[in-house]
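A.B. asks: Here it is: the structure, laid out below.
The values are calculated or read from the model by the stated rules, or taken from the named source; none is laboratory data. A quick note: this is a predicted structure, and the numbers were derived from the prediction, not measured. Every residue, glycine among them, receives a Cβ derived from its backbone with ideal geometry; neighbour counts consider all protein chains shown. Ligands, DNA and RNA are excluded from the accessible area calculation, which covers all protein heavy atoms including side chains. Shrake-Rupley method; radii C 1.70, N 1.55, O 1.52, S 1.80 Å.
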Amino acid sequence: MSPFPENDAREARIGALGRAYADALLSGDEAGAEIAIREAMDAGLVTAEIDDEIIAPALWLVGEMWQRGEISVADEHAATEISIRVLALQREAQRVAEARVHHRVMLAAPSGEQHVVALRMVDNLLRSAG
């Protein structure tokens, strides 16, 4: 165990997401692949980390399995197409997140209003959404 348990947990999370993504590619599960990448984005991984630590290793695995004859060329092509769609999803999610930075929201209650729990909940929701 390393002296930095948070790094161990992060690496374990990335490994789990990588396995989920590879499994989705190998089973032709586009929704599963998208979920794995969305979870990676939600976990705070930047584009380069997702590409280098999740997508690329899964595609290498697919290529090696195709080369060994363990999967068909159709399986390899499906995995490639799923990955192309996931990359587009990743780009669009980043574009939307960057666009949100330029929007401001004002939350208010009438003067003297003491019941603001719901307003605070909306504040938390908006902040977490970027």
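A.B. asks: Roughly how many percent of the accessible protein surface of the chain is carbon and sulfur, given a 1.4 Å probe and a whole-percent answer? Could the numbers behind the result be given before it?
C.D. replies: Values: 5300 of 9160 Å².
On the chain, the fraction of accessible area on carbon and sulfur atoms equals 58 percent.
A.B. asks: Along the charge dipole of segment 24-130, which of Met106, Val86, Leu125 sits closest to the positive end, that is, farthest toward it, with unit charges on the beta carbon of Lys, Arg, Asp and Glu (+1, +1, -1, -1)?
C.D. replies: Met106
A.B. asks: Taking the chain as a Gaussian network, Cα atoms linked when under 10 Å apart, which of Ala108, Ala78, Ala40 shows the biggest mean-square fluctuation?
C.D. replies: Comparing Ala108, Ala78, Ala40 in the GNM, the peak value goes to Ala108.
A.B. asks: Hey, what angle do you get for helix 73-100 against the long axis of the chain, alpha-carbon based, 0 to 90 degrees rounded to 10?
C.D. replies: Orientation of helix 73-100: about 20 degrees from the principal axis.
A.B. asks: Taking only protein heavy atoms and a 1.4 Å probe, what accessible area per residue, in Å², does segment 23-125 have with all protein chains in place?
C.D. replies: Ligands and nucleic acids excluded, the figure is 70 Å² per residue.
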